[in-house]
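Quick notes on the structure that follows.
The values are calculated or read from the model by the stated rules, or taken from the named source; none is laboratory data. Source: prediction; values computed, not measured. Every residue, glycine among them, receives a Cβ derived from its backbone with ideal geometry; neighbour counts consider all protein chains shown.
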Amino acid sequence: MHTVLVIEDDLGIQKQLKWSLSDYELVFASDRQQAMTQLRRFDPAVVTLDLGLPPDPANATEGMACLAEILSSKPETKVIVITGSTDNSHALQAIALGAYDYYQKPLDADVLNIILQRAFKLTELENENKALRASYQQQADIIGNSEAIQKACRTVEKIAPTEITTLLLGESGTGKEVFARAIHRQSPRANKPFIAINCASIPENLLESELFGYEKGAFTGAVKTTLGKIECANGGTLLLDEIGDMPLS
């Protein structure tokens, strides 16, 4: 159920809205201070704001100030301003400041419901657009629109949120590391290290030291303690490139 923050000081109208907007979870505030507290607590996508707020309900000064503070704190919020005046100049001023829409009293539940539905639909579309743009950015290094590439990208999206170990198969030069980095960027580990190690390029007698590190003095030439690649990748992603070329021993 969608949450709507209703900023309205008239208790009678609050009750009327609660009855009329039963499809939504309503959170109420009667002044600007309460409104900002409720906004931070519930983070609603849509707000209805009566411009005539105390301490000066006869004017729109406090309502305009509340609108500005809401949009400054959470610019993506859809604010529907409500006015009891037949003069819509204040409502149009609110639209110019960034309000989503306005509504004139007396209350018509059907009209207000339509405005709310449109506001939530726009929010959903904006969120979908953000997700698509983020996905595009995360896969920007993957070039191709063939069915095989698109299938591989969808697999990346499924794997990335999980903690499972992933085996990437493909001939040399087909982009296994590119896909490994795409998985990392879309995962909860994205802000942690991505460490790639080419197993085929490391001599067998040094592989253990590269992976697990070593302490100072562990062998000739070990002049300082060195972290292994596994520890360096802790919390992030470790790519063991060409792991098939590692000796079974």
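Scan region 98-109 residue by residue and report those that are modelled with pLDDT under 95, more than 13 Å from LEU17 (Cβ to Cβ) and surrounded by fewer than 17 Cβ atoms within 10 Å (Cβ to Cβ). So that I can check it myself, show each step before the final result.
As a first pass, look at region 98-109 and keep what is modelled with pLDDT under 95: 102-109.
Add one more test, that the residue is more than 13 Å from LEU17 (Cβ to Cβ), and what stays is 102, 104.
Result: GLN104, single match.
Considering every residue within region 177-197, establish whether at least one is touching a Leu at 6+ places or on another chain (Cβ under 9 Å), surrounded by 10 or more Cβ atoms within 10 Å (Cβ to Cβ) and more than 30 Å from LYS130 (Cα to Cα). Looking through region 177-197, at least one residue is touching a Leu at 6+ places or on another chain (Cβ under 9 Å), surrounded by 10 or more Cβ atoms within 10 Å (Cβ to Cβ) and more than 30 Å from LYS130 (Cα to Cα).
One residue alone among LEU239, LEU168 is assigned to a strand (DSSP E or B), modelled with pLDDT of 85 or more and surrounded by 15 or more Cβ atoms within 10 Å (Cβ to Cβ), and that residue is LEU239.
The selection criterion, being out of contact with any Cys (no Cβ under 9 Å at 6 or more places or on another chain), surrounded by 14 or more Cβ atoms within 10 Å (Cβ to Cβ) and not aromatic (Phe, Trp, Tyr), holds for THR83. The number of residues in region 191-249 being among the basic types (Lys, Arg) and under 24 Å from ALA180 (Cα atoms) comes to 2.
Scan region 69-84 for residues that are in contact with a helix residue (DSSP H, G or I) (Cβ under 8 Å, 6 or more places away or on another chain) and farther than 20 Å from PHE42 by Cβ and the total you get is 1.
Scanning region 136-165 for residues that are polar (S, T, N, Q) and at pLDDT 90 or above, which turns out surrounded by the most Cβ atoms within 10 Å (Cβ to Cβ)?
Per the criteria, the residue is THR155.
Hydrophobic (A, V, I, L, M, F, W, C) and touching a Lys or Arg at 6+ places or on another chain (Cβ under 7 Å): is that true of LEU5 in this structure? In short, no. Is one or more of the residues making up region 14-24 among the aromatic types (Phe, Trp, Tyr), buried (at least 16 other Cβ atoms within 10 Å of the Cβ) and within 24 Å of the chain's Cα centre (by Cα)? Yes, region 14-24 has at least one match.
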